[in-house]
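Undergrad: The structure under discussion is supplied below as structure tokens; questions concerning it will follow.
The values are calculated or read from the model by the stated rules, or taken from the named source; none is laboratory data. Bear in mind the structure is a predicted one, so any value in this text is a computation, not a measurement. Don't worry about glycine lacking a Cβ; one is built from the backbone with ideal geometry, like all the others, and counts go over all protein chains shown.
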Amino acid sequence: MAANNSVILKHWARIIKQWPVDRVRPAHVHFQKVMQSRLLKLQNPAAATANVKSNDAHAIPVEPFNEQTELRQVNALYALLENRFEKEYPIPQRVRHPRSSASHYDDLVKELDEAPNRSWITNLWNRLKGSVRLR
């Protein structure tokens with residue numbers, strides 16, 4: 001059991017390390033951060049139950065380690081990491097590039113990449129440009 005537990009924990013650590021960062025989500029709810037806390041609970045379930053507030057709050061019971069469930073979850077995440085479903089069920093190009101705004105998703109990613117490095121003047125200019133629309 002301990003050896004299998006160790007193997008599963010290594011798989012979880014590998015998945016967390018390889019998972020791409022989602023630029024749209026706030027940092028406190030990134031997949032990596034949420035799964036790190038879950039991994040800590042799997043590694044040390046006693047510490048998870050000891051971390052209870054002193055007021056009369058009830059701790060959520062820690063589920064016992066179930067090897068089969070963990071392996072299924074790890075396999076599902078590996079399938080997502082390797083894009084197995086994208087290869088099996090390809091998305092048509094017209095979904096990614098709709099006729100109404102073909103470059104919408106590309107523009108969104110570009111905007112997310114540029115936003116942290118902009119000066120306040122550029123931010124102000126973009127805000128003014130967005131609020132005044134001339135035809």
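Undergrad: When the residues of segment 13-31 are narrowed to those that are at pLDDT 90 or above and surrounded by 15 or more Cβ atoms within 10 Å (Cβ to Cβ), which ends up nearest to Asp113 (Cα to Cα)?
TA: For segment 13-31, the residue satisfying everything is Trp19.
Undergrad: Scan segment 50-64 and tell me whether some residue there is modelled with pLDDT of 70 or more and not polar (S, T, N, Q).
TA: First, pick out the residues of segment 50-64 that are modelled with pLDDT of 70 or more: 64.
From what's left, not polar (S, T, N, Q): 64.
There is at least one residue in segment 50-64 that is modelled with pLDDT of 70 or more and not polar (S, T, N, Q).
Undergrad: Then there's this: Only one of these conditions is not met by Val74: (1) within 29 Å of Ile15 (Cβ to Cβ); (2) without any contact (Cβ under 8 Å) to a residue 60 or more places away in the chain. Which number is it?
TA: (2)
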